[in-house]
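Here's the structure we're looking at; comments come further down.
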Amino acid sequence: MEKKMMKILQVLDRASCYCPLGYISQHTNIVEPLKIMEALEKEGYVRCCEWDGWSPSNYPQFEITQKARQELRHIEEAVLQIPLRVVAQTLVQD
């Protein structure tokens with residue numbers, strides 16, 4: 001998964017609610033996240049909120065899906081396992 005997509009999913013995961021594009025941009029340093037959001041929505045990783053209230057930016061708001069949360073957990077577990085294996089091998093060799 002692309003690094004920018006991962007950053008967006010991590011921000012949405014921490015937020016645990018619908019987030020406007022401005023919030024996503026501010027917390028990821030991605031200037032124009034809409035195209036990435038549309039790609040993530042197409043893949044089923046985020047969903048767009050049907051906003052019926054007033055918003056100063058009038059931007060769509062997005063929420064992470066359960067599918068994306070599970071994928072994030074798998075990726076984070078895989079990343080965490082690599083250093084642990086290296087440490088374990090080092091301890092066994094000493």
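Numerical summary
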item: Whole-Hz ³J(HN,Hα) from phi, Karplus 6.51 cos²θ - 1.76 cosθ + 1.60, for region 40-48, glycine and proline x; result: 5, 5, 4, 7, x, 8, 9, 10, 8
item: Long-range HN-HN contacts of VAL46 with modeled amide H, under 5 Å; result: GLU41, THR65
item: Residues with amide H under 5 Å from that of PHE62, placed H, sequence gap 5 or more; result: CYS19, CYS49
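None of the figures in this text is laboratory data; all of them are computed from the coordinates on show. Bear in mind the structure is a predicted one, so any value in this text is a computation, not a measurement.
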